[in-house]
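**Q** Okay, handing you the structure first.
The values are calculated or read from the model by the stated rules, or taken from the named source; none is laboratory data. Just so it is clear, the model here is predicted, and its values are computed rather than measured. Backbone-built Cβ (ideal geometry, glycine too); neighbour counts: all protein chains shown. When the accessible area is computed, the model is the full protein with side chains, heavy atoms only, and any ligands, DNA or RNA have been set aside. Shrake-Rupley method; radii C 1.70, N 1.55, O 1.52, S 1.80 Å.
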Amino acid sequence: RDRTVKVWLNGACERTIQAHVGDVNAVAVLPGGARFVSGSDDGTAKLWTLDGALERTFEVGGSVDCVAALPDGVHFVVGKAGEVRLYHVDGTLVHTFKGHTEPAWSVAVTPDGQHIISGSEDKLVKVWSVATKSLVSTCAGHTGGVWAVAAMPDGQRILSGSADQTVRVWRLNGTLENTFELHADTVFALVALPDNQHALSGSYDKTVKLFNVNDGAVLRTFTHHTNGVYCLALLPDGRRFVSASQDNTARIVEHGLAPL
């Protein structure tokens, strides 16, 4: 909310970037780790190098609420009011996916780069085809806005987290597999683990949960934050995650599962 992006290395702030003139709602690192995209209330997405150099500004026209990178390293997707937009890093707007009736709070991409997942205040999760630029399925069932989506490594299942305090597991075709009541408040963040069996969820109830996506069993509850948890990311080693909170901290934590 201070409109900056910070780059960290080994626990130290390496760089502070005066990134936007509005709240920074999302960042996504492009494959390769040399560049990232930020999205803001100021109506723009920006492409940066890690050293803080601005490569390009994308005029999205409305608050950019979420960002996700495609695995090809040259495309990314943003969510805004009623739309999901696919961009090329050269500045080209590749496609606008329309179908949500409220802001898209969350986006994710399947590991093969073939599908975009979006979650919205309209309580729906939508699956879009990158190849055909069309809607694949609509996942209906949440009773509150969808603030988090994630794709499992198998590319066949997706996770969603909502203001209704549940985490749901879906097939790409829109079939609901499971509904888990893991938290006592809005689920704002989800990340799948490499074993394809477990995931992490972060909530406004101040906790992060490590759970089994097949049966909802909670293996571990992390209570290292003193306020709501808004976002999660897995580190490349697959053993640690970063959580960021309204308590103004980002924390690196070992989730405790044995690596693959």
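**Q** Going by average Cβ density within 10 Å per residue, which order do the peptides 136-146, 193-203, 172-182 take, highest to lowest?
**A** Details: 136-146: 17.7, 193-203: 21.0, 172-182: 15.2.
Top to bottom by mean Cβ count within 10 Å: 193-203, 136-146, 172-182.
**Q** For region 8-21, in order, what is each residue's ³J(HN,Hα) by Karplus, 6.51 cos²θ - 1.76 cosθ + 1.60 with θ = phi - 60°, in whole Hz (x at glycine and Pro)?
**A** Values, residue by residue: 10, 9, 6, x, 10, 6, 7, 7, 10, 10, 6, 8, 9, 9 Hz.
**Q** Please compute the net charge surrounding residue 221, taking Lys and Arg as +1 and Asp and Glu as -1 over other residues with Cβ under 11 Å from its Cβ.
**A** Working: positive: 206, 209, 220; negative: 205.
With Lys, Arg at +1 and Asp, Glu at -1, the neighbours total +2.
**Q** Residues with amide H under 5 Å of residue 193's amide H, sequence separation 5 or more or different chain, H placed in the peptide plane at 1.01 Å from N; which?
**A** The answer is 198, 199, 200.
**Q** Using the Karplus curve 6.51 cos²θ - 1.76 cosθ + 1.60 with θ = phi - 60°, what ³J(HN,Hα) values do you get for each residue of region 55-66, in whole Hz, with x for Gly and Pro?
**A** 8, 6, 10, 10, 7, 7, x, x, 3, 8, 9, 7
**Q** ³J(HN,Hα) across region 136-142 via Karplus (A = 6.51, B = -1.76, C = 1.60, θ = phi - 60°), whole Hz, x for Gly/Pro?
**A** 8, 7, 10, 9, 10, x, 5
**Q** From the square roots a ≥ b ≥ c of the eigenvalues of the alpha-carbon gyration tensor of region 1-45, which class results: rounded (a/c under 1.5), prolate (a/b over b/c), or oblate? Present the calculation step by step, with values, prior to reporting the outcome.
**A** Values: a/c = 2.76, a/b = 1.35, b/c = 2.04.
Verdict is oblate for region 1-45.
**Q** Subtracting the Cα-Cα distance from 0.36 nm times the residue separation, let me have the gained length for residue 72 to residue 185 in nm, one decimal.
**A** Numbers: separation 113, 0.36 × 113 = 40.68 nm, distance 3.53 nm.
Taking 0.36 nm per residue and subtracting the Cα distance, the gain is 37.2 nm.
**Q** Something else now. Starting from the amide H of residue 235, placed 1.01 Å from N in the peptide plane, find each other amide H under 5 Å away whose residue is 5 or more places distant or on another chain.
**A** Residues meeting the amide H criterion: 240, 241, 242.
**Q** At a 10 angstrom cut-off on C-beta neighbours, averaged per residue, how do the peptides 107-120, 20-33 rank from highest to lowest? Mind showing how you got there, number by number?
**A** Numbers: 107-120: 22.5, 20-33: 16.3.
Packing order, densest peptide first, comes out as 107-120, 20-33.
**Q** Extension gain residue 140-residue 221, at 0.36 nm per residue separation less the Cα-Cα distance, in nm?
**A** Working: separation 81, 0.36 × 81 = 29.16 nm, distance 2.80 nm.
Once the chain is fully extended between residue 140 and residue 221, it gains 26.4 nm.
**Q** Now for a different question. Considering only protein heavy atoms, what per residue accessible area in square angstrom results for the chain with a 1.4 angstrom probe? Show your work: numbers first, answer last.
**A** On the way: 11080 Å² over 260 residues.
Dividing the accessible area of the chain by its residue count gives 43 Å².
**Q** If you keep only loop residues by DSSP, which trypsin sites (Lys or Arg not before Pro) in region 79-150 have at most 15 other Cβ atoms within 10 Å of their Cβ? Present the calculation step by step, with values, prior to reporting the outcome.
**A** Working: sites: 80, 85, 98, 123, 126, 133; in loops: 123, 133.
Passing both the DSSP loop test and the Cβ count: 133.
**Q** Here's a follow-up. Quick query: amide H of residue 136 versus all other amide H atoms, modeled in the peptide plane; which residues come in under 5 Å with a sequence gap of 5 or more or a different chain?
**A** Result for residue 136 returns 127, 128, 129.
**Q** Listed here are the pairs 80/206; 133/209; 80/126; which of them are more than 24 Å apart at the Cα?
**A** On the way: 80/206 26 Å; 133/209 34 Å; 80/126 14 Å.
Too far apart for the 24 Å limit: 80/206; 133/209.
**Q** Once a ≥ b ≥ c are taken as the square roots of the eigenvalues of the Cα gyration tensor of region 135-260, is the result rounded (a/c under 1.5), prolate (a/b larger than b/c) or oblate (a/b not larger than b/c)? Present the calculation step by step, with values, prior to reporting the outcome.
**A** On the way: a/c = 1.85, a/b = 1.25, b/c = 1.48.
Verdict is oblate for region 135-260.
**Q** Please report, as a whole percent, how much of the solvent-accessible surface of the chain comes from carbon and sulfur atoms (probe radius 1.4 Å). Intermediate values should be presented prior to the final figure.
**A** Details: 5360 of 11080 Å².
That share works out to 48 percent.
**Q** Which aspartates and glutamates does residue 46 reach when only Cα atoms under 17 Å apart count, and residues fewer than 8 places away in its own chain are ignored?
**A** 2, 23, 55, 59, 65, 90
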